[in-house]
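Here's the structure we're looking at; comments come further down.
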Amino acid sequence: MLPSLGSLTMYFDPAGTNHEEINTSTDTLTRASVQIANPLSDDKSLWDFRRADLAQRGIDISGRVEGVEIDWETYERIVNGADNGTDPSANTAICAVTFKWQSATNIPTAAVPYSLEFSIPRCEVTLDEFAADGDNLIRWNYNWRMIDNTTDPIVVTLINAVTAY
């Protein structure tokens, strides 16, 4: 599926102030990616070469968003940890991210496009250095990593032409 269409929304501090910081219906970005890793336990017994199941250590879901144009007020709110902060916060920025990739055309037998949507209600956000463009516009890149401290730490929705698996 080509990500011909889609959307991305990010809320800063979903447990508190809940500011919508990015919404691609009004904002632009140049790149969005997601990585899903399944780390395994690699403990081995000395002088033992038998094959065995490798125990799963967890799941690591992270991503990156690049080229988001935000204003100075938004950047300061995330860096300072609040609307009224004046110094950089030592606390990690906590956000919620929802993004969707979808096809440009509908499924032939339905009135909806093929799509894949990720909804992550809690993630840590690490800001890159920003690049100022003019007096009040900042081009911003950030990395995010899912936090597993909610009932559903991630919801992935796939829409395709398959009725059942």
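No lab work stands behind these numbers, since they all come straight from the coordinates. Keep in mind it's a predicted model, so treat the numbers as computed, not measured. As a convention, Cβ positions derive from the backbone with ideal geometry for all residues, glycine included, and neighbour counts pool all protein chains shown.
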In region 87-133, what GluC sites (Glu not before Pro) fall in a loop by DSSP, with at most 13 other Cβ atoms inside 10 Å? Glu129
At Val162 and Asn143, where each label point lies 7 Å from the Cα along Cα→Cβ, what is the point-to-point distance in nanometres? 3.2 nm
Between beta-carbons, use under 9 Å as the cut-off and find the net charge around Thr17, counting Lys and Arg +1, Asp and Glu -1. -1
